[in-house]
Amino acid sequence: MKGAGIRGPRIVKKKAIDTEKDPYLPEESPSDVGECTKCGIIYHGKHWALKSNTPEDVLLKEPRVKLICPACKKITEKFAEGYVTLHGDFLKGHKDEILHLIRNKEKIAMDSNPLERIIEIKEKAGGIEVTTTTEKLAQRIGQMLHKAFHGDVEYKWSDDVKLARVVWTRQE
């Protein structure tokens, strides 16, 4: 049997989202279908999804509860849970390619969880800083950069709040 080891089948559990530590998740969920007035993602069955990933029968339900999703609130207030800092001479010559990969990673992440977004990409002295709405997206961006371009990557996690700092560096 595939996935079975000496001790029997391997059981993989998904990490539960710690809702107590995210102040932007709604305290009370809408009882029916909700729609973000800023980005248009749909809330149904205790999950957020892109319209393209939402069943048609859910999309046809009217009226929808109008609300603002946690990601849009974080973007408006610039409340980052992930920081990715890029440094090094390699960055200067490959900046457009690197930023394109980062934006593609965001699109892939949003397909499974539309609350994972990039808040801002800004140039800082000798580098670039990317802020994200979740710590997991920052981690995945760091992993993707390391896999695609090598270099050194360092991860720092906060114990008391949901926060990740990822530093990727590559000299020429």
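The values are calculated or read from the model by the stated rules, or taken from the named source; none is laboratory data. Since we're looking at a predicted model, the values are computed, not measured. Every residue, glycine among them, receives a Cβ derived from its backbone with ideal geometry; neighbour counts consider all protein chains shown. For the accessible areas, the whole protein counts, side chains as well, though only heavy atoms, and no ligand, DNA or RNA atoms are used. Shrake-Rupley method; radii C 1.70, N 1.55, O 1.52, S 1.80 Å.
Mind grabbing the accessible area of Val58 for me, 1.4 Å probe, Å², rounded to tens?
Taking all protein chains as shown, Val58 has close to 10 Å².
Would you check the accessible area of Lys38, probe 1.4 Å, heavy atoms only, in square angstrom rounded to 10?
Its heavy atoms expose roughly 120 Å² to the probe.
Over the range 94-172, with the other protein chains present, what is the accessible area per residue in square angstrom, probe 1.4 angstrom?
55
How high is the FRET efficiency between Lys66 and Lys122 when r is their beta carbon distance and R₀ equals 45 Å, given to the nearest 0.05?
0.90
Which entries in the list Lys92/Lys147; Lys107/Lys162; Lys61/Lys136; Lys73/Lys122 go over 24 Å, if you measure between the two C-alpha atoms of each?
From Lys92/Lys147; Lys107/Lys162; Lys61/Lys136; Lys73/Lys122, over 24 Å: Lys61/Lys136.
To the nearest 10 Å², what's Leu67's accessible area with a 1.4 Å probe?
40
Taking a quarter of the surface of the Cα convex hull of the range 44-102, what do you get in nm²?
6.4
Please give the net charge around Glu172, taking every other residue with its beta carbon less than 11 angstrom from that of Glu172, where Lys and Arg add +1 and Asp and Glu add -1.
Local charge sum for Glu172: +1.
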